[in-house]
Amino acid sequence: MDFEARARDAGVDLDMELTSVGSYEFAIPVGDLLIVAGSIAWEGDRAAYPGRLGDELDVAVGQQSARGAGGTILASVHQTLGSLNRVARLVRLTGYVRSAPDFGNQPQVMNGASDLMLEVFADAGRHARSAIGLPELPLGASVEIDSLFHIAR
């Protein structure tokens, strides 16, 4: 299966310029694992979909933000490994959702990223996941996601 083509068909810009806001690497291979740093959806040089779920943003916009963060993850994997086709499977997504105190739909928001991974990787995109609500995220982002991939040797 050509994961590169599937990602591009899903509208992911695998060659996007990755923006670092700190002293870290976008992704680090360790043995047969690839650890990808927290990623957000970008609009130029700023966070796309800024705001707080349950206040300014609804679940549908949160899902778009999560899907955008998933796209940034895929670009990081592509640029680190040279091809998404080196992915054996997605192991885990951890989602951080900027949420109002009474908002409890973080798992539904994270479906935006999970659905993208299934669209790109099919069965190899089935993964474990956490969805955590927080009051603030860097750059005012509504969703930040980190991930862990098993890579083929």
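Every number in this text was worked out from the coordinates using simple rules, so none of it is lab data. It should be emphasised that the depicted structure is a prediction, and the values quoted were computed from it without experimental measurement. All Cβ positions, even for glycine, are placed from backbone atoms using ideal geometry, and neighbour counts span all protein chains on display.
May I ask you to derive the relative contact order of region 1-122, considering only C-alpha pairs under 8 Å and at least 6 residues apart, and to give it as an integer percent?
After rounding, I find 35 percent.
Once you've got the GNM for the chain with C-alpha springs shorter than 10 Å, pick whichever of 143, 21, 97 has the biggest mean-square fluctuation.
Evaluated over the chain, the most mobile residue of the options is 21.
Report the equivalent ellipsoid semi-axes for region 1-54 in whole Å, largest first, defined as the square roots of five times the eigenvalues of the gyration tensor built from alpha carbon atoms.
Ellipsoid semi-axes (Å, largest first): 22, 19, 12.
Taking the Cα centre of the chain as the origin and placing charges on Cβ (Lys, Arg +1; Asp, Glu -1), which of 69, 130, 79 is farthest toward the positive end of the dipole?
130
Would you mind checking the tilt of helix 59-81 against the longest principal axis of the Cα atoms of the chain, expressed as 0 to 90 degrees and rounded to 10?
Taking the Cα atoms of the chain, the angle to 59-81 is about 30 degrees.
Helix 106-121 against the longest principal axis of the chain: what's the angle in degrees, Cα atoms only, rounded to the nearest 10?
20 degrees
Kirkwood Rh, region 1-134, all Cα pairs: how many Å?
Answer for region 1-134: a Kirkwood hydrodynamic radius of 15.1 Å.
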